[in-house]
1. Residue-wise, which Karplus ³J(HN,Hα) couplings in Hz belong to the range 100-111, taking 6.51 cos²θ - 1.76 cosθ + 1.60, θ = phi - 60°, and x for glycine or proline?
2. Explain nothing, just compute: Karplus ³J(HN,Hα) = 6.51 cos²θ - 1.76 cosθ + 1.60, θ = phi - 60°, for every residue of the range 68-73 in order, whole Hz, x for Gly and Pro.
3. Based on DSSP H runs of at least 4 residues, each adding -39500 (n - 2.57), what is the mean residue ellipticity at 222 nm of the chain after dividing by all its residues, to the nearest 500 deg cm²/dmol?
4. Explain nothing, just the number: dipole magnitude of the range 142-276 about its Cα centre with +1 on each Lys and Arg Cβ and -1 on each Asp and Glu Cβ, in debye rounded to the nearest 20.
5. Can you give me the Cα centroid spacing of the range 55-130 and the range 230-260 in angstrom?
6. Excluding residue 68 itself, calculate the net charge of residues whose Cβ lies under 14 Å from the Cβ of residue 68, where each Lys or Arg counts +1 and each Asp or Glu counts -1.
7. Given H placed 1.01 Å from N in the peptide plane, which residues other than close sequence neighbours of residue 236 have an amide H under 5 Å from its amide H?
8. For residue 201, what residues show an amide H to amide H distance below 5 Å, using hydrogens built from the backbone and excluding near sequence neighbours?
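Taken together, the values in this text are just the output of simple stated rules run on the coordinates, not laboratory data. It should be emphasised that the depicted structure is a prediction, and the values quoted were computed from it without experimental measurement. So basically every Cβ, Gly included, is an ideal-geometry build from the backbone, and we count neighbours across all protein chains shown.
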Amino acid sequence: MKKHSLGQWLFAVRPWSFPASAMPILVTLAYLFWTGAEMNWGFGVWALINMVLFHVAGNVWSDYNDYKKSVDREDTTGATTLTSGMFQPHEIRNLAIGVFVVAAIGGVGLVLLTGLPLLWIGLAGAVLTLLYPVLKYNALGDLDILLTFAFLPTIGTAFVTTGAIDWSVLLIALPVGLITDGILHSNNTRDMVPDKRAEIKTLAMGLGAKASAVMYSFEVLFPFVWVIVCVAMKLMPWPALAALVAFPIALGCSKTMMKSPEEGAELILDLDQKTAQLQMVFSLLLSIAFVISKFVF
């Protein structure tokens, strides 16, 4: 069997995308801290690591299925771990299974230490992770991502750290989750032509290029409106407006996407990575604002 370098394994799991899984947990922890909730920080860190592991498994599992379904080919711009011959299909499949098992064991450990509600949250997340390729091929991938990377992890993090279900964390889940969906949507908008050839149907394909560009713009711009409204309603502290510093990044991403229907998919080749960077900046600013507000205001 061909040996792979550490760099190749890292390339296979796409670490640039990790803000999509890590940031919802981080912002939730900062938000709960601001609310004054009694928190188990150890369980919070455990949840964050476990979420990233599930993300790794999902990334690799998706790549394996895209290759088997001929969604990713030598002439596509998606993941190249398999199309370039860097890895064999069974290696990527086994990596996905191995990481998924490790994440599942970690999840069971948290369930035993925190309580049964986490089991149902975790099971829902695990099932959605495994079914993501099928859902993506039938225009339901965006909904899957919103649930898996926003609503479920924020609720789950609140439970493991405080011992109770706190629905107010959905205030965090929506804006962060929309930007996460933007990562996927920019990817699917870029890949509409090869996806059509592979005979799958993503939400971007169903909407068409122009409507997809509008939807992406909503996903990356509306979170800033949401923060302003939440601050105005005193659901978030006023320093949360610091998240608006990331608005020029979001606006730039939106303008790029809006040009793509006329100028071609080449314009948005790396927009998914830029959206992941937006996710990280937005979430870090929001997290810092919550922590500062707890100490200063």
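1. Result, ordered by residue: 4, 5, 4, 5, 5, 4, x, x, 4, x, 5, 4 Hz.
2. Along the range 68-73, the couplings run 5, 8, 6, 6, 9, 10 Hz.
3. Values: 13 runs with 215 residues, N = 297.
Helices in the chain give a 222 nm mean residue ellipticity of -24000 deg cm²/dmol.
4. On the way: 9 positive and 13 negative charges, 57 e Å.
Charge dipole, the range 142-276, about its Cα centre: 280 debye, nearest 20.
5. 31
6. Details: positive: 69, 73, 93, 136; negative: 63, 66, 72, 91, 199.
Taking every Cβ under 14 Å from that of residue 68, the sum is -1.
7. 231
8. Counting only residues 5 or more places away or on other chains, the set is 138, 139.
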